[in-house]
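The values are calculated or read from the model by the stated rules, or taken from the named source; none is laboratory data. Please read these numbers as outputs of a predicted model, since none were measured by experiment. Cβ: placed from backbone, ideal geometry, glycine included. Neighbour counts: every protein chain shown.
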Amino acid sequence: MNHGNKNIGVKKKSWYFFRMQELAFEDQNLDSYDKLIYAVISKYSDMDSGICYPSLNTIAEKASCSRDRAIKSIKNLKKAGYIKVKKRKDERKGNKSNLYKVVDLGYINDIKNLVKEKLKDEDLLIKINERLQEHPLPEYDELLPLVYENDKGASLSERQGGVAENDKASLSERPELELMNYNKTEEEDANTRGKNFPDKIKNRFEQIFNRELSVEFYNKLTKKYSDEKILIKALEVAEENADKPSYLLKLLQDWQDNGLTSISSINTYLEERKAKKQVNKANKETAATTNNKQSLDELYESGYR
């Protein structure tokens, strides 16, 4: 952008966002704090597993409410079926932050769309919507029998486009309708995801970012560096400078681009960058002081007293 005789570069900022399921937003049985607490937990949850570990203090702070109010809303959300909660203990049997899992409610919209678009049954759609006004929310295997009862003349495979393997199975081409695996419990997710990670890396990652270290993201990290010590060093740097896991990938890429292969070379590189920043900062401060002095001199030279 041209401003006078100077070229000023404008850096575009990225907008960060997170997903919040629409059903919760529209639920009149939840109050404003319940929805806000749900939004906070959704913000921290992993996009794939729905799992996160924010502390109660963090949840309350982000929602601008008291700790007691946060606890109350968490209980309401759990009772309604929007989240699952599991208490955790550390190695000394002391309390750790809870494990939260945002329940994937996509099956509700999928079944509603099936009823509306394929069955074209308005009465059944009204019946499902009325059920959604009650807590806890219906699970998949509660809603599906309603479809059976209201369309007895066709098999499930016919109703769903003829792609299901049998009447007890779901659409093979729509895994979001898979009955057996739709919403794993938090225990299943926690036990099957990341169990082979080095404990130091897994625990440090969860502590810094308040979310689970996924298999996919861990694989991305190890593609950059397989050395556990270097990954831990990256986490230490990230703890001071970032709040997004993506920073780790950028950091490791920078180290890789500069040919850093050991902790000592990384430490030297970081010290050099820190010293360079301090010099640049000092130069900027000196330049600002000089400009201010020149402005005052110009002011006095113009005859202003």
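Please state which of the following conditions Leu252 fails to meet, knowing it meets all the rest: (1) at pLDDT below 85; (2) in the same structural domain as Thr222 (by TED's automatic domain parsing).
All conditions pass for Leu252, except number (1).
Identify all residues within the range 28-62 that are small (Gly, Ala, Ser) and either touching a residue at least 60 places away in the same chain (Cβ under 8 Å) or buried (at least 20 other Cβ atoms within 10 Å of the Cβ) (or both); write none if there are none. If you could, list the steps in order and put the result at the bottom.
First, pick out the residues of the range 28-62 that are small (Gly, Ala, Ser): 32, 39, 42, 45, 49-50, 55, 60.
Passing the criteria: Ser42, Ser45, Ser49, Gly50, Ser55, Ala60.
Taking the range 94-132, which residues are of a type in the set (S, T, N, Q) and surrounded by fewer than 16 Cβ atoms within 10 Å (Cβ to Cβ)? Outline the logic, then answer.
Initial filter on the range 94-132 (of a type in the set (S, T, N, Q)): 95, 97-98, 109, 113, 129.
Asn95, Asn109, Asn113, Asn129 - these are the residues of the range 94-132 that are of a type in the set (S, T, N, Q) and surrounded by fewer than 16 Cβ atoms within 10 Å (Cβ to Cβ).
Kindly indicate whether Ala234 is farther than 22 Å from Asp48 by Cα, of a type in the set (A, V, I, L, M), surrounded by 13 or more Cβ atoms within 10 Å (Cβ to Cβ) and within 20 Å of the chain's Cα centre (by Cα). Break it down stepwise before answering.
Working: farther than 22 Å from Asp48 by Cα: yes; of a type in the set (A, V, I, L, M): yes; surrounded by 13 or more Cβ atoms within 10 Å (Cβ to Cβ): yes; within 20 Å of the chain's Cα centre (by Cα): no.
Taking the combined requirement at face value, the residue does not satisfy it.
Using the structure shown, decide if Leu260 is over 30 Å from Lys87 (Cβ atoms), among the aliphatic types (A, V, I, L, M), modelled with pLDDT of 80 or more and not in a helix (DSSP H, G or I).
So Leu260 fits the description; yes.
I'd like the full set of residues that are β-branched (Val, Ile, Thr) and more than 15 Å from Ile232 (Cβ to Cβ), limited to the range 247-275. It would help to see each step written out before you state the result.
Within the range 247-275, the subset β-branched (Val, Ile, Thr) is 261, 263, 266, 268.
Scanning the range 247-275 gives Thr261, Thr268.
Anything in the range 100-125 that is touching an Asp or Glu at 6+ places or on another chain (Cβ under 7 Å) and either under 15 Å from Gly81 (Cα atoms) or not aliphatic (A, V, I, L, M) (or both)? List them, or say none.
Of the residues in the range 100-125, the ones touching an Asp or Glu at 6+ places or on another chain (Cβ under 7 Å) are 101, 106-107, 110, 115, 119.
Lys101, Gly106, Tyr107, Asp110 - these are the residues of the range 100-125 that are touching an Asp or Glu at 6+ places or on another chain (Cβ under 7 Å) and either under 15 Å from Gly81 (Cα atoms) or not aliphatic (A, V, I, L, M) (or both).
Could you go through the range 238-250 and let me know if any residue there is under 25 Å from Phe197 (Cβ atoms), in contact with a Phe, Trp or Tyr (Cβ under 6 Å, 6 or more places away or on another chain) and either touching a residue at least 60 places away in the same chain (Cβ under 8 Å) or not β-branched (Val, Ile, Thr) (or both). Show your work before the answer.
From the range 238-250, those under 25 Å from Phe197 (Cβ atoms) are 238-250; that's our starting set.
Of the ones still in play, those that are also in contact with a Phe, Trp or Tyr (Cβ under 6 Å, 6 or more places away or on another chain) are 238, 245.
From the residues that got through so far, the ones that are either touching a residue at least 60 places away in the same chain (Cβ under 8 Å) or not β-branched (Val, Ile, Thr) (or both) too are 238, 245.
Looking through the range 238-250, at least one residue is under 25 Å from Phe197 (Cβ atoms), in contact with a Phe, Trp or Tyr (Cβ under 6 Å, 6 or more places away or on another chain) and either touching a residue at least 60 places away in the same chain (Cβ under 8 Å) or not β-branched (Val, Ile, Thr) (or both).
Does Ser73 satisfy the condition of being among the polar types (S, T, N, Q) and at pLDDT 95 or above?
Values: among the polar types (S, T, N, Q): yes; at pLDDT 95 or above: yes.
Yes, satisfied.
Considering the range 237-250 alone, what residues qualify as being under 20 Å from the mean Cα position of the chain (by Cα), part of a helix (DSSP H, G or I) and hydrophobic (A, V, I, L, M, F, W, C)?
Ala238, Leu248, Leu249, listed by residue number.
Can you name the residue in the range 133-168 that is in contact with a Phe, Trp or Tyr (Cβ under 8 Å, 6 or more places away or on another chain), modelled with pLDDT of 50 or more and in a helix (DSSP H, G or I) and, of all such residues, is surrounded by the fewest Cβ atoms within 10 Å (Cβ to Cβ)? Full working, then the answer.
Kept after step one, since they are in contact with a Phe, Trp or Tyr (Cβ under 8 Å, 6 or more places away or on another chain), are these residues of the range 133-168: 137, 140, 143, 156.
With the extra rule that they be modelled with pLDDT of 50 or more, the set shrinks to 137, 140, 143.
Next cut, in a helix (DSSP H, G or I) only: 140, 143.
Numbers: Tyr140: 19, Leu143: 21.
Ranking the candidates gives Tyr140 first.
Residue by residue through the range 77-87, note down the ones that are surrounded by 12 or more Cβ atoms within 10 Å (Cβ to Cβ) and within 21 Å of the chain's Cα centre (by Cα).
Within the range 77-87, Leu77, Lys78, Gly81, Tyr82, Ile83, Lys84, Val85, Lys86 meet the criteria.
Given the condition at pLDDT below 80, charged (D, E, K, R), surrounded by fewer than 12 Cβ atoms within 10 Å (Cβ to Cβ) and under 18 Å from the mean Cα position of the chain (by Cα), answer yes or no: does some residue in the range 265-288 qualify?
No, the range 265-288 contains no residue that is at pLDDT below 80, charged (D, E, K, R), surrounded by fewer than 12 Cβ atoms within 10 Å (Cβ to Cβ) and under 18 Å from the mean Cα position of the chain (by Cα).
Against the condition closer than 22 Å to Ser246 by Cα and either in the same structural domain as Val40 (by TED's automatic domain parsing) or modelled with pLDDT under 80 (or both), how does Gly194 come out, does it pass? If you could, list the steps in order and put the result at the bottom.
Working: closer than 22 Å to Ser246 by Cα: yes; either in the same structural domain as Val40 (by TED's automatic domain parsing) or modelled with pLDDT under 80 (or both): yes.
Answer is yes for this residue.
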